[in-house]
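The values are calculated or read from the model by the stated rules, or taken from the named source; none is laboratory data. The shown structure was predicted, so the numbers you read here are calculated from the model rather than taken from an experiment. Cβ coordinates were reconstructed from backbone atoms using ideal geometry, including for glycine residues, and neighbour counts include every protein chain displayed.
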Ligand code: PLP
């Protein structure tokens, strides 16, 4: 039987730059000692107090259908958090709870794009972006940034690259680069959105992982409240990747319509997970800092090691759980570098090309192993790069 063009086309037919990731997994499964610095998953698990709250909620009977757009208590907790962090009045009617940030990315694009519309995003990008846009029947339009400007988007390039898009998706702090968009960049982006009557979808799932600089949510910029949909998630801030709990914050009417979408897709997030998320948000900054602390420490280790050599350029970043390394001194592509590094040093990193062509000749290092293992792995990467430098 014939499947739809839409579902056949989700992945697209670009190169498969995830090969190194799958090879590393196979080597690990075969018992080989591989240092895995590929995906963005903490090396700690969900905090025991969050699990206790989850268990308590389940034991108390919150295992039936939950409200589709989220429990009132969690929607209020997210609204309070957003209001406190941005100063913008926000109520539970501005919040829809989703099965992770990924479902929020999907729901927002479904909400603002009709089939055949174009939806723009900044390259390099979180790897699911183009597929998420294709899955709602829209056409992905990548707008490249440059390593020469440390992957801060150029406002001129955005204007020239929009190609009639209905929406623009940005991500700061950024995966894969760790770059935090400056106020100037965000104000420029806001002006483009106003001038071109665009929806701005702002993926802020790393907003608690700020190591240098400040996070500005563009929803708080003048003229942006009615056209901004913010994506949030418990995954990165609270090491709850498997719990699948995130949200969209936006104008009340958009949130209400996304509730209709929730009714026909996920039918909501399990109640005991939402109760655990509510507990976790209520636990405040201390818990978020505890979850983020290992990345801040490892970033300092990376900065120290990379400052003492000159074959790799560390992209100037301020947040998230990744380091982006410019390895063009070897003349290799990111794909070739990552594959050869895996073979010669048993260290697995992601090729920059897995996140778009703008990050070609780079590799992304996830800071997701214990400090001493991370330090040794980075030393191997530096040594390997020296050996292969032209
Ligand atoms: N957005 C970005 C930039 C990400 O890096 C990720 C996950 O790695 C997500 C969204 C989706 O996260 P989740 O669906 O676990 O909330």
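Check residue 274 against each of (1) assigned to a loop (DSSP other than H, G, I, E, B); (2) touching a strand residue (DSSP E or B) at 6+ places or on another chain (Cβ under 8 Å) and name the one condition it does not meet.
(1)
For the structure I just gave you, tell me whether residue 302 is modelled with pLDDT of 95 or more and within 16 Å of the ligand (Cβ to nearest atom).
Judged against the criteria, residue 302 is not a match.
Among the candidates 50, 97, 39, 11, single out the residue that is within 16 Å of the ligand (Cβ to nearest atom) and modelled with pLDDT under 95.
Exactly one residue qualifies, and that residue is 39.
Filter the range 100-126 for residues that are over 26 Å from residue 78 (Cα atoms) and within 12 Å of the ligand (Cβ to nearest atom); which is surrounded by the fewest Cβ atoms within 10 Å (Cβ to Cβ)?
Among residues in the range 100-126 that are over 26 Å from residue 78 (Cα atoms) and within 12 Å of the ligand (Cβ to nearest atom), the one surrounded by the fewest Cβ atoms within 10 Å (Cβ to Cβ) is 122.
Here is a check on your reading of the model: is residue 331 modelled with pLDDT of 95 or more and touching a strand residue (DSSP E or B) at 6+ places or on another chain (Cβ under 6 Å)?
Considered against the rule, which asks whether it is modelled with pLDDT of 95 or more and touching a strand residue (DSSP E or B) at 6+ places or on another chain (Cβ under 6 Å), residue 331 comes out as no.
Within the set of pairs 6+ apart or on separate chains, which have a first residue in the range 97-122 that is closer than 14 Å to residue 266 by Cβ, a second that is in a loop (DSSP other than H, G, I, E, B), and C-beta atoms under 6 Å apart?
97/70; 97/269; 99/244; 99/266; 99/269; 100/244; 101/205; 110/136
Would a scan of the range 23-44 turn up a residue that is within 30 Å of residue 138 (Cα to Cα) and without any contact (Cβ under 8 Å) to a residue 40 or more places away in the chain?
No: the range 23-44 contains no residue that is within 30 Å of residue 138 (Cα to Cα) and without any contact (Cβ under 8 Å) to a residue 40 or more places away in the chain.
For the range 233-256, check the following and say yes or no: at least one residue is assigned to a helix (DSSP H, G or I), under 18 Å from residue 102 (Cα atoms), more than 15 Å from the ligand (Cβ to nearest atom) and modelled with pLDDT of 95 or more.
yes
In the range 18-36, what residues are assigned to a loop (DSSP other than H, G, I, E, B) and more than 16 Å from the ligand (Cβ to nearest atom)?
Hits for the range 18-36 are 30, 31, 32, 33, 34.
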